[in-house]
1. Computed over the Cα atoms of region 2-84, what is the convex hull's projected area averaged over all directions, in nm²?
2. What FRET efficiency comes out for the pair Tyr4/Ala54, r = Cβ-Cβ distance, R0 = 25 Å, nearest 0.05?
3. Quick one: net charge around Tyr28, please, counting Lys, Arg +1 and Asp, Glu -1 for every other residue with C-beta under 13 Å from its C-beta.
4. Residue by residue, what Karplus-based ³J(HN,Hα) values in Hz, rounded to whole numbers, does region 39-45 have, using 6.51, -1.76 and 1.60 with θ = phi - 60° and x for Gly and Pro?
Amino acid sequence: MLTYFMDFVSAVHIANMRIMSQQQIKAYNDCIRRYASRCKELYPNKTLKPVLHAALHIGQILDLFGPVHAISAPFYEHYINFFHHMNTNKKLGMQQPPLVSVCNI
């Protein structure tokens, strides 16, 4: 049971490294596949969850795009925050008239 859990911990640790090599991608794939196969052995009546299925594809993502920190959400939070504070009034390309002209002050 501990070996089963350590495969999961190792896979998470490898996936979150800031530098990625082909050997690390192979190690990640080996760990997550062992973890998934042991899930089926330990819980034969349960189906594979979508999150675990997605985790089996992270090796491909690491190979194509590099380390996760370069493509993770915190990198984009600055831009998301910028767009959330942008007042568009749900009308793209139009600006709201100044309050002075609307109130005839």
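We did not get these values from a lab; they are worked out from the coordinates using the rules stated. All values derive from a computational prediction rather than experimental measurement. When we count neighbours, we look across all protein chains shown, and the Cβ atoms used for this are built from the backbone with ideal geometry, even at glycine.
1. Values: hull surface 26.8 nm².
Averaging across all directions leaves 6.7 nm² for the Cα convex hull.
2. On the way: r = 19 Å, r/R0 = 0.77.
According to the calculation, E is roughly 0.85.
3. On the way: positive: Lys26, Arg33, Arg34; negative: Asp7, Asp30, Asp63.
Counting the neighbours of Tyr28, the net charge comes to 0.
4. Each residue's phi maps through the Karplus curve to give 4, 5, 6, 6, 10, x, 8 Hz.
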